[in-house]
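Structure record follows, encoded as C-alpha cells.
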Amino acid sequence: MPFILAVSGFKDSGKTTLCEKLMPLLRERGLDVGYVKRTHEEVLSPSGTDSGLLAQIAAPVALWGSDGLRVEDGRKDMDPGRLAALYFPGRHLLLIEGGKELTLPKIWVGDPESIPEEVVGVVAFYDRDNPCRKERHFCAGREEELADLVSSMVRKAETSPAEIYSHGKRIPVKSFVGEFIAGGVSGMLGSLKGDFDPEDGVSVHIRALP
C-alpha cells in the first residue's frame, strides 16, 4: 500500500501549490505518486441523476466522458488506508491535501507556530512566507530538499516487493514472503507474450474460487 502523507494547513495557506511543486519532483526521484484532495463539501452526483441513482445500488460508479474518467464511491466506511488500497494499490506514495484531522504523517503548510494542538503527526513544515528557523522547516525555494525528505521517508517504509489486498484491505506480508511471491509471479509472467515487462511492476487479480 502507498505511504500516505497529508499536506495540511489552513485555507489559502498554499497546500495545492505545494502539491503541484512536489509531485513532479517526487516523480523525478522514481516515486509513483497519487493525489487526493480532502474536502468537507459534498462531491457525489445528486440522487436524482443517473449516476446518483446507480451509486445507491453499486459502488463505485464511473462517469466516462470525452475528457476522461471520474469515479464516484458512496461507501461510508472509507478511511485513508481503504481509499489507498482500493484506488492506489502499487503506488509508492499517496498525497492527501487537507485532512489535518486525520491521524497521518503530515507536512504542515504555514507558520509552524500556528499548528492547532489537536493536529498530530507533523513530520515537516513548509512556510512560503517566512524564513526557515527550525529543523525540518522548509521555505519557498527549498522544495527540492523537502522532496528529498519525503522520498527518504517513503523508501524507508517500503518492506515488501509484493502487496496483497482482500475486500479493500491490505493483508500483511513479511518481506521474505513478498520476495517469494514477486519472484514466482514475475518468473511465470516472463513466459507470456505481450507488450509488458514484469520488472516494471504488474497487478494480478484473483477472483473468488467456486
Q. Among 92, 40, which comes first, then next, by fewest other beta-carbon atoms within 10 Å?
A. 40, 92
Q. Ordered by residue, what ³J(HN,Hα) values in Hz, to whole numbers, does the stretch 121-128 give under the Karplus form 6.51 cos²θ - 1.76 cosθ + 1.60, where θ = phi - 60° and Gly and Pro are x?
A. x, 6, 10, 7, 10, 10, 10, 6
Q: Could you list the GluC sites (Glu not before Pro) in the stretch 1-75 that lie in coil according to DSSP, counting only those with at most 12 other Cβ atoms within 10 Å of their Cβ?
A: 41, 42
**Q.** On Cα atoms only, tilt of 143-157 relative to the major axis of the chain in degrees
**A.** 40 degrees
**Q.** Inter-label distance for residue 37 and residue 156, nm, one decimal - labels placed 7 Å from Cα along Cα-to-Cβ
**A.** 3.2 nm
Q) Can you count the Lys pairs in the chain with C-alpha separation below 16 Å, eight or more apart or on different chains? A) 11
Q. Could you give the length gained on full extension between residue 54 and residue 206, defined as 0.36 nm per residue of separation minus the Cα-Cα distance, in nm?
A. 52.1 nm
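Taking every DSSP beta bridge that has both residues in the chain, what percent is antiparallel when rounded to the nearest 5? Please report the intermediate quantities before stating the final value.
Values: 8 of 29 bridges.
Percentage antiparallel, nearest 5: 30.
Given the -39500 (n - 2.57) contribution per DSSP H run of 4+ residues, what per-residue ellipticity at 222 nm results for the chain, rounded to the nearest 500 deg cm²/dmol?
On the way: 5 runs with 58 residues, N = 210.
Computed mean residue ellipticity for the chain: -8500 deg cm²/dmol.
We did not get these values from a lab; they are worked out from the coordinates using the rules stated. What you are looking at is a predicted structure, and each value in this text was computed from that prediction instead of being measured. With ideal geometry, Cβ positions are generated from the backbone for all residues, glycine too; neighbour counts draw on all protein chains shown.
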